[in-house]
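The values are calculated or read from the model by the stated rules, or taken from the named source; none is laboratory data. All figures in this text were calculated on a predicted structure; none of them were measured in a lab. Here the Cβ positions follow ideal geometry from the backbone for every residue, glycine too, while neighbour counts run over all protein chains shown. For accessibility, only protein heavy atoms count, side chains too; no ligands or nucleic acids. Shrake-Rupley method; radii C 1.70, N 1.55, O 1.52, S 1.80 Å.
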Amino acid sequence: MRPVGCIPGKTSSLFANSDMVLLTFGSSVGVRMCSVREQRFPKSAASVRAARQFTGDVLAGWRALDRWDDIRLCVSELAANAVRHGVPDGRDFQVRISCSGDRVVVEVRDSGRSMPEFRRVGPQDVAGRGLWIVSRLADAFGVLDEAVGKSVWATFKGAMPDRDAGAPRPSC
């Protein structure tokens, strides 16, 4: 089940930089998805780099280069959080990338029970800024409490090439 605003029985948090964003997934609400790509990664530090590379490859294939750096950095931060705080030993996490219109949505899902939280960090701290970075780069992001684990998602407006510019769109 994917989020469409609020889902009864699910806990969802939304963080937005400017306006409220309604995320729709699938065709049940009349929105045709451009494309969806997903991949699972083992719990290891090397998987953060692999998730970032996977994301870059998908975006390059879609010619979605306008926010390429922002999206890859956010996936790196969310994947690092999943590896460090979310994924139980012996399990893996999933990165899902989808597009709709001019937006790209990334999700990092793990089966851990802990929920992400903003931390107060000082100037000398070397960790703890991941969600802050995501909150500044993404147009919106949030957490969906799943039956097992959670999905942390971020959406990026204006990430897909303009249809009128003649750039090919990803196929469904």
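Anisotropy class assigned to segment 106-154 is oblate, per the alpha carbon gyration tensor with a/c at or over the 1.5 cut-off and a/b no larger than b/c. Can you tell me how much longer the chain between residue 119 and residue 145 gets when fully stretched, taken as 0.36 nm per residue apart minus their C-alpha distance, in nm with one decimal? Length gained, residue 119 through residue 145: 7.4 nm. Here the Karplus relation 6.51 cos²θ - 1.76 cosθ + 1.60, evaluated at θ = phi - 60°, turns the backbone of segment 70-84 into coupling constants of 4, 5, 4, 5, 5, 4, 4, 5, 5, 5, 4, 5, 4, 5, 6 Hz, with x for every Gly and Pro.
A protection proxy built from the mean count of other Cβ atoms within 10 Å ranks the segments 143-153, 97-107, most packed first, as 97-107, 143-153. Taking a sphere under 14 Å around the Cβ of residue 53 and counting the other residues whose Cβ falls inside, with K and R at +1 and D and E at -1, yields a net charge of +2.
Rolling a 1.4 Å probe over the protein heavy atoms gives segment 59-148 an accessible area of 51 Å² per residue.
Decide, for segment 75-138, between rounded, prolate and oblate: order the square roots of the alpha carbon gyration tensor eigenvalues as a ≥ b ≥ c, take rounded if a/c falls under 1.5, and otherwise choose prolate if a/b is larger than b/c, else oblate.
On the way: a/c = 2.63, a/b = 1.16, b/c = 2.26.
Because a/c hits 1.5 or more and a/b fails to exceed b/c, segment 75-138 counts as oblate.
Across segment 148-161, rounded Karplus estimates of 3J(HN,Hα) from the backbone phi angles (6.51 cos²θ - 1.76 cosθ + 1.60, θ = phi - 60°) give 10, x, 7, 10, 10, 10, 9, 10, 10, 6, x, 8, 8, x Hz, Gly and Pro being marked x.
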